[in-house]
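Colleague: Below is one structure. I have some questions about it.
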Amino acid sequence: MRTITQHVCGVIPPHILTRVAERTDHTAHEAARTTLEQMRELATDRARTFLDRGAAAKAEPPKKRRSVYDAHHAFKLPGKLVTSEHKPRSADAEINEAYDGTGATFDFFAAVFGRNSIDNRGLRIDSTVHYGVQFDNAMWTGHQLVFGDGDGRLFKRFTSSLDVIGHELTHGVTQYTAALGYTGQNGALNEHISDAFGIMVKQYTLGQAASASDWLIGATLLTPGVHGKAIRSMAAPGTAYDDPVLGRDPQPAHMRDYVNTSDDHGGVHINSGIPNHAFYLAAIALGGRTWEVLGRIWYVTLTSRLRPDADFGAFVRATVDIAGELYGNGGRVQRVVADAWGAVGIGVRLFTGVRNPVPRPATRAVRPHKAAKWRRRPAH
Ligand SMILES: [Zn+2]
């Protein structure tokens, strides 16, 4: 038994909502203000720990169980049950999208990694739609998914984005596995992992190779009036939007632009741009389907190698180690992963294992932070 802290994770970060809330001349100001207030309320309620049931349960074949509830524009969770497995389709698009999106995410984790739902023990996936009035977010509360309708001026309905549903459910997977924190670098990794698996859910469902993906998170959420294409871009962090009301996408793509801030739990939705970009670079360099090789490395890292307080250095070292263990030390895959980290300013020294001796280990020159800590020791 261990205690796990759960976090309320919304796809729209506070830096966007705060900006909109402060614009009293904008029609979406009230919706953003209420969304922020309600998220603070939920965070207080959820800022507690619960006991994990332990990892002893027998592995069972994945079985999908979904329930969708309707909050009918109130703030009470979960609301009224409106559909579950094998029920007729609803006339309500948000109910169907929540049902289908959680199903696609379940299918992805089951087919690719053999995972039986969020907790790997067949946990029922609960979603609530029509939460609040014009609520501007989608979130994982620690227990369930919650979707707002959006204010309609800046944001459309939040069920419309499959990568956002994948992102939010992955917060649940993280909660039951690495149990990463939600502050500073461990929080940015928590956000990154949700984006990485969120984009893979979309790519897998569409049957897309890495090169065919838009690498955008929340591409369907912004209304045509907003100057922007999505909430985040993994291919080009910092370029997702630049709008008079939303402001400019603040994500860095390199360690030299790392943002030190006390806002947003230490910039968890901001600095996630750095690992996001490394993931994108590695996926493109490897080619083919992201989930087959890179996704496996990230999944093994998430489920077996991270401590809750892992920082970027620990994550980089784990992914490079696992790339070597799965695909060969000093092999192409491990070098691609290490090079992708090097390209965002997080260098890691490669030591090849004893089974593949080479005269000289390849080194990455750029090691700006805590280099000694990241250096791998040769295996004995
Ligand atoms: Zn998130």
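The values are calculated or read from the model by the stated rules, or taken from the named source; none is laboratory data. Because the structure is a prediction, the values reported are computed rather than measured. Heads up, the Cβs are rebuilt from the backbone with ideal geometry, glycines too, and the neighbour counts pull from every protein chain shown.
Colleague: Every residue in the stretch 308-359 that is at pLDDT below 95 and charged (D, E, K, R), please.
Modeller: The answer is R349, R355.
Colleague: Output the number of the condition that A59 fails; it satisfies all remaining conditions of (1) at pLDDT 95 or above; (2) touching a Gly at 6+ places or on another chain (Cβ under 9 Å); (3) among the small types (G, A, S).
Modeller: (1)
Colleague: Then there's this: Could you please give the count of residues in the stretch 237-259 that are among the basic types (K, R), touching a residue at least 60 places away in the same chain (Cβ under 8 Å) and over 18 Å from Q185 (Cβ atoms)?
Modeller: Selection size over the stretch 237-259: 0.
Colleague: When the residues of the stretch 192-218 are narrowed to those that are touching a residue at least 60 places away in the same chain (Cβ under 8 Å) and more than 19 Å from G101 (Cβ to Cβ), which ends up nearest to the chain's Cα centre (by Cα)?
Modeller: H192
Colleague: Hey, another quick one. Being surrounded by fewer than 24 Cβ atoms within 10 Å (Cβ to Cβ) and part of a helix (DSSP H, G or I) is the filter here, so list the residues in the stretch 277-296 that pass it.
Modeller: Within the stretch 277-296, L281, I284, A285, L286, G295, R296 meet the criteria.
Colleague: If you go through the stretch 219-235, how many residues are surrounded by fewer than 23 Cβ atoms within 10 Å (Cβ to Cβ) and either basic (K, R) or more than 14 Å from V11 (Cα to Cα) (or both)?
Modeller: Residues flagged as surrounded by fewer than 23 Cβ atoms within 10 Å (Cβ to Cβ) and either basic (K, R) or more than 14 Å from V11 (Cα to Cα) (or both) within the stretch 219-235 amount to 8.
Colleague: While we're looking at this one, here's another question. Residues of the stretch 179-202 being away from the ligand (no atom under 12 Å from the Cβ) and surrounded by fewer than 24 Cβ atoms within 10 Å (Cβ to Cβ), which ones? Walk me through it before giving the result.
Modeller: Within the stretch 179-202, the subset away from the ligand (no atom under 12 Å from the Cβ) is 179, 181, 183-186, 199-202.
Residues satisfying the conditions are A179, G181, T183, G184.
Colleague: Let me ask something additional. So, in the stretch 236-276, of the ones that are surrounded by fewer than 16 Cβ atoms within 10 Å (Cβ to Cβ) and charged (D, E, K, R), which residue ends up nearest to the ligand (Cβ to nearest atom)?
Modeller: Selected residue: D263.
Colleague: Another question, if that's okay. Could we say that N96 is of a type outside the set (K, R) and either modelled with pLDDT under 90 or under 21 Å from the mean Cα position of the chain (by Cα) (or both) here? Outline the logic, then answer.
Modeller: Details: of a type outside the set (K, R): yes; either modelled with pLDDT under 90 or under 21 Å from the mean Cα position of the chain (by Cα) (or both): no.
So N96 fails the test.
Colleague: Could you go through the stretch 150-167 and let me know if any residue there is within 11 Å of the ligand (Cβ to nearest atom), in a helix (DSSP H, G or I) and among the polar types (S, T, N, Q).
Modeller: No, there is no match, as no residue in the stretch 150-167 is within 11 Å of the ligand (Cβ to nearest atom), in a helix (DSSP H, G or I) and among the polar types (S, T, N, Q).
Colleague: Moving on to the next point. From (1) under 18 Å from G187 (Cα atoms); (2) at pLDDT 95 or above; (3) of a type outside the set (A, V, I, L, M, F, W, C), pick out the condition that doesn't hold for S262.
Modeller: S262 satisfies all of (1) under 18 Å from G187 (Cα atoms); (2) at pLDDT 95 or above; (3) of a type outside the set (A, V, I, L, M, F, W, C) except (2).
Colleague: I've got another one for you. State whether one or more residues within the stretch 136-143 are within 17 Å of the chain's Cα centre (by Cα), surrounded by fewer than 24 Cβ atoms within 10 Å (Cβ to Cβ) and within 16 Å of the ligand (Cβ to nearest atom).
Modeller: Yes, some residue in the stretch 136-143 is within 17 Å of the chain's Cα centre (by Cα), surrounded by fewer than 24 Cβ atoms within 10 Å (Cβ to Cβ) and within 16 Å of the ligand (Cβ to nearest atom).
Colleague: Output the number of residues of the stretch 38-56 satisfying the condition of being modelled with pLDDT of 60 or more and over 18 Å from L145 (Cα atoms).
Modeller: Selection size over the stretch 38-56: 0.
Colleague: Moving on to the next point. Looking only at the stretch 168-178, which residues are near the ligand (Cβ under 10 Å from one of its atoms) and of a type outside the set (S, T, N, Q)?
Modeller: Hits for the stretch 168-178 are E168, H171.
Colleague: Only residues that are surrounded by fewer than 16 Cβ atoms within 10 Å (Cβ to Cβ), in contact (Cβ under 8 Å) with a residue 24 or more places away in the chain and not in a helix (DSSP H, G or I): list them for the stretch 84-121, please.
Modeller: Scanning the stretch 84-121 gives G114, R121.
Colleague: Also, I was wondering about something else. Which of the residues that make up the stretch 203-217 are surrounded by fewer than 23 Cβ atoms within 10 Å (Cβ to Cβ) and on the phi > 0 side of the Ramachandran plot?
Modeller: Within the stretch 203-217, just G207 meets the criteria.
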